[in-house]
Amino acid sequence: MIIDLRSDTVTKPTKEMLEYMFQAEVGDEVYDEDPTIDELEEKAAQLFGKEAGLFCPSGTMTNQIAVKASTQPQQEVICHKYSHIYNYEGGGLFFNSGVSVKLVDGDGGRFTSAEVVNNINPDDVHYPETKLVTIENTANRGGGACYDIKEVEKISTACKENDLLLHLDGARIFNALVESGETASQYGGLCDSISICLSKGLGAPVGSVLLGTKEFIKKSNRIRKALGGGMRQAGYLAAAGVYALDHNIDRLKDDHGRAKKIGEMIKELSFAQNILPVYTNMIFFDMADGYSVEKFLEELAKHDIKADPMGPNQIRMVTHLDFNDDMLEELDKTLKSL
Ligand SMILES: *Cc1c(COP(=O)(O)O)cnc(C)c1O
């Protein structure tokens, strides 16, 4: 039994999901002839109350397309200093969109509307023109922290008042929704564009959907093509996404429950410190002085347990569809034995 807590991207499709994928009706998507991709895009758009959706191979691509479709080169994007869009997308903001970035300190990977307003550049030729704000919910490097929808409302209002667009990197938006009881359409009403991932906690092997107005998605489709993301009979993959949206949202609560239990286990360890609050499905902690990340990971590996090193001193564990109660028990035993 391998216990893989590196990320919620490691899940493999279940037998039921695979069976659903096999029966998908497909066609050439670049000719707009794949009914299953249409079904997924419509389903996701409806859920969030958006006009249209665009199926893409990854969340990186949906984020990058959103920035490209929302900005011109030389403009500026406001995002959190820990944001995925800035840190973990291969420098794509600069490479794909030629934009400048204003990084916000914020708290737990989130920021406030006041911080947005404070970071808008004056109308002066010295400064790049601020055009887009991106928020991440849940915030990965913030420990899986969730936004308070009231703050998102204020951010959305601040964006409208200042003629800025608002993009939500919702790679884990469903984790935030099941935790807060908020609805997808609330976010749809507040954000101009939304990227959702099907391949994280929802358990699909591949795929993300970008959501927005019909016009925005038409523009995004052109960009997707130029990035090489026009896939052909990808309805087999989209079917996994349809299945995931139908079956795997509510069960994210189970992942959160197990993550909280792991958080409690870590608190008992003498060699762990600075444990972040467990908001959703992530556990972040530092090694205590004199203990190394490498050694800890080596010890875990001897018991077929994997975790993710985040920087020189921090560890991340993420719960997901393929992590069950037996594994939780095994992890508990192992941690106690170290
Ligand atoms: C995983 C992730 C993405 C997209 O990643 P891909 O691996 O390209 O699908 C985007 N934003 C956040 C916060 C993520 O965790």
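The values are calculated or read from the model by the stated rules, or taken from the named source; none is laboratory data. Predicted model only: the values in this text are computed from it and were never measured. Heads up, the Cβs are rebuilt from the backbone with ideal geometry, glycines too, and the neighbour counts pull from every protein chain shown. We work out accessible area using only protein heavy atoms, side chains counted, and drop any ligands, DNA or RNA first. Shrake-Rupley method; radii C 1.70, N 1.55, O 1.52, S 1.80 Å.
Restricting to Cα atoms and excluding each atom paired with itself, what does the Kirkwood estimate give for the stretch 11-247 in Å?
17.8 Å is the Kirkwood radius here.
Taking a ≥ b ≥ c as the square roots of the eigenvalues of the Cα gyration tensor of the stretch 205-333, is the shape rounded (a/c under 1.5), prolate (a/b larger than b/c) or oblate?
prolate
Give the ranking of VAL77, VAL278, VAL117 by solvent-accessible surface, highest area first, calculated with a 1.4 Å probe.
Details: VAL77 0, VAL278 30, VAL117 75 Å².
Reading off the accessible areas and sorting them downward yields VAL117, VAL278, VAL77.
So, in nm, how far is label ASP124 from label LEU297 when the simple model puts each one 7 Å beyond its Cα toward the Cβ?
The answer from the label model is 4.5 nm.
Could you work out the helix-only [θ] at 222 nm for the chain, with each DSSP H run of four or more residues adding -39,500 (n - 2.57) and the total divided by the number of residues, to the nearest 500 deg cm²/dmol? Could you put the intermediate results ahead of the total?
Working: 14 runs with 143 residues, N = 338.
After summing the helix terms and dividing by residue count, I get -12500 deg cm²/dmol.
Which of rounded, prolate or oblate describes the stretch 161-248 when judged by the alpha-carbon gyration tensor and an a/c cut-off of 1.5?
Because a/c hits 1.5 or more and a/b fails to exceed b/c, the stretch 161-248 counts as oblate.
May I ask you to order 42-52, 87-97, 187-197 by the average number of other C-beta atoms within 10 Å around their residues, highest value first?
187-197, 42-52, 87-97
Take every DSSP beta bridge with both residues inside the chain and express the antiparallel ones as a percent of the total, to the nearest 5.
Approximately 50 percent, going by the DSSP bridge assignments.
So if R0 is 25 Å, what FRET efficiency would GLU25 and GLN186 give, r being the distance between their Cβ atoms, rounded to the nearest 0.05?
So, using R0 = 25 Å, E works out to roughly 0.15.
Roughly what would the spin-label model give for ASP148 and GLU329, points 7 Å off Cα along C-beta, in nm?
4.1
Might you work out the accessible area of GLU16 for me, using a 1.4 Å probe with all protein chains in place, and round it to the nearest 10 Å²?
Here the accessible area works out near 100 Å².
Full extension from TYR88 to SER270: what is 0.36 nm times the residue separation minus their Cα-Cα distance, to one decimal in nm?
Working: separation 182, 0.36 × 182 = 65.52 nm, distance 3.15 nm.
Working it through step by step, the gained length comes to 62.4 nm.
Estimate the FRET efficiency between ASN162 and ILE2 by the formula 1/(1 + (r/R0)^6), using the beta-carbon distance for r and 56 Å for R0, to the nearest 0.05.
Details: r = 49 Å, r/R0 = 0.88.
So the FRET efficiency works out to roughly 0.70.
As a test of reading the structure, rank CYS146, CYS79 by solvent-accessible area (1.4 Å probe, protein chains only), most first.
So, going from the largest accessible area down, we get CYS146, CYS79.
Which part of the stretch 60-86 falls in the paramagnetic zone of LEU227, meaning amide N under 13 Å from the point 7 Å along Cα-to-beta-carbon?
Correct set: 60-71, 85-86.
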